[in-house]
Amino acid sequence: HLLAELEVQTWSEPPPETLLQAVRKTDAHFRGRQNRAILADIEVNLNDAFAASDPIRGRIARDRWRATLATVKLSPKDAVHGRVEPALRWLEAQDRRDEGDREHEDLTRELIGLLDDPRRVAPAVLDRTANEILGHRDGMPASVQDRFVARLTLERARQARRRQWAAAAAAIGAVVVISDVGAGFRSQSR
């Protein structure tokens with residue numbers, strides 16, 4: 001407050017520059033100590049969350065850490081970075097794991113939607129979605145897996161019947177064309 005008053009006030013005779021410099025230096029020193037105390041408090045919170053495997057508390061502390069670092073001029077080589085680095089790496093790993101879990105849940109919901117859909121579903125679509133789910137560390141829930149196998153078998157059978165019908169239709173078409181050509185030749189030869 002003293003520094004602000006000295007710098008902002010309109011003085012009939014300005015304070016000596018040496019006084020202003022001394023107050024600025026004292027203010028910077030005080031703010032530096034205050035910021036170090038804040039960072040030390042956040043460091044304790046981060047490391048406590050890490051030790052307790054509590055990602056929620058850790059994320060709150062990490063957000064405070066980042067906000068404080070944005071306002072504090074701290075050297076990247078400062079030792080405090082090294083003391084919180086393991087907790088920050090752990091939180092990043094937690095974030096990646098949580099994101100993977102959300103993707104797994106989304107894919108499982110997508111597969112269940114496909115299984116619940118009464119319309120025809122291409123076996124390749126079912127396979128692709130199931131393989132993405134199976135690639136996750138949690139895999140596919142057993143109840144969903146049973147439904148998936150039954151639906152995949154059904155869709156493959158439908159696909160095989162469609163192919164058989166298409167082949168039969170092509171064969172019938174070929175027979176009709178050949179008999180028409182043969183009838184045309186007979187009528188031409190008479």
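The values are calculated or read from the model by the stated rules, or taken from the named source; none is laboratory data. As the structure is a computational prediction, the values presented were derived from the model and not from experiment. Positions of Cβ are generated from backbone atoms using ideal geometry, with glycine treated the same way; all protein chains shown enter the neighbour counts. Note: areas computed on protein heavy atoms with side chains; ligands, DNA, RNA excluded. Shrake-Rupley method; radii C 1.70, N 1.55, O 1.52, S 1.80 Å.
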Exercise. How many angstrom separate the Cα center of the range 83-109 from the Cα center of the range 168-190?
Worked result: 67 Å
For this session: Using a cut-off of 14 Å between beta-carbons, work out the net charge of the residues near V72 (Lys and Arg +1, Asp and Glu -1, V72 not included).
Result: +3
Seminar exercise, completed: Most packed first (mean Cβ within 10 Å per residue), the peptides 109-115, 69-75 order as 109-115, 69-75
Problem set entry | the range 1-112 - Kirkwood radius from inverse mean 1/r over Cα pairs (Å) | 17.4 Å
Exercise. What's the carbon and sulfur percent of the chain's accessible surface, probe 1.4 angstrom, rounded to a whole number?
Worked result: 57 percent
Problem set entry | the chain, accessible area per residue, ligands and nucleic acids excluded (1.4 Å, Å²) | 71 Å²
Exercise. Of (1) 11.0; (2) 25.6; (3) 17.6, which one was derived for mean projected area of the Cα convex hull in nm² from the structure shown?
Worked result: (2)
Exercise. Can you give the net charge of the other residues whose Cβ lies under 14 Å from the Cβ of W11, counting K and R as +1 and D and E as -1?
Worked result: -4
Seminar exercise, completed: Most fluctuating of T129, T153, T26 in the GNM of the chain (C-alpha, under 10 Å) is T26
For this session: Can you give me the three principal axis dimensions of the range 1-52 from its C-alpha atoms, in Å, biggest first?
Result: 60, 17, 8
For this session: Give, as a single signed number, the net charge of other residues whose beta carbon lies under 15 Å from the beta carbon of N47, with Lys and Arg counted +1 and Asp and Glu -1.
Result: +1
Exercise. Considering the chain as a Gaussian network with a 10 Å cut-off on Cα pairs, which listed residue, D180, D27, D63, attains the greatest mean-square fluctuation?
Worked result: D180
